Amino acid sequence: MSEIIRFGVSLEKNLLQRFDRLIRGKKYTNRSEAIRDLIRQEMVKKEWEEGGEVAGAVTFIYDHHKRDLLNRIMDLQHDYQKIIISTQHIHLDHDNCLEIVAVRGVAKEVLELADALKALKGVRNGTLSMTGTGKETK
Ligand code: NI
């Protein structure tokens, strides 16, 4: 772990009060941790925007009785196997399956795969959780 440096931040009282309310709502125990996370989020955003190596997870729900859809999901995952680290399949109930696809690769390809999965007819609640590879955000 690298050296910790303390620095002062000046801002308007109103803004600080609103920030404190915001981070209390998010269960942060102190401002430092909240500010660290904000900085990390911005760095992750930059990695995604600049098209560098990123990591994330595509999460979605679908009806497994639709065999055609099942095949399409599988085909896509084989097409993008180079950026897929792992896939977790959870049988939610009699009809619904939840799938979590962990990905790592060039931002453009990760976004392509996420969009393609979300666009499949029958795939619901598709979300892409974008994170970094951890290298830039220690
Ligand atoms: Ni299932």
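Each residue in region 50-78 was checked for being touching a residue at least 12 places away in the same chain (Cβ under 8 Å) and among the charged types (D, E, K, R), and 5 pass. Condition test on residue 44, is it in the same structural domain as residue 23 (by TED's automatic domain parsing), surrounded by 16 or more Cβ atoms within 10 Å (Cβ to Cβ), away from the ligand (no atom under 16 Å from the Cβ) and hydrophobic (A, V, I, L, M, F, W, C)? Yes.
Does residue 107 meet the test of being modelled with pLDDT of 95 or more, among the small types (Gly, Ala, Ser) and away from the ligand (no atom under 16 Å from the Cβ)? Walk me through how you get there before you give the answer.
Values: modelled with pLDDT of 95 or more: no; among the small types (Gly, Ala, Ser): yes; away from the ligand (no atom under 16 Å from the Cβ): yes.
Spelling it out, it is not the case that residue 107 is modelled with pLDDT of 95 or more, among the small types (Gly, Ala, Ser) and away from the ligand (no atom under 16 Å from the Cβ).
The values are calculated or read from the model by the stated rules, or taken from the named source; none is laboratory data. Predicted, not measured: the structure shown is a model, and the values here were computed from it. All Cβ positions, glycine included, derive from the backbone under ideal geometry; neighbour counts span all protein chains shown.
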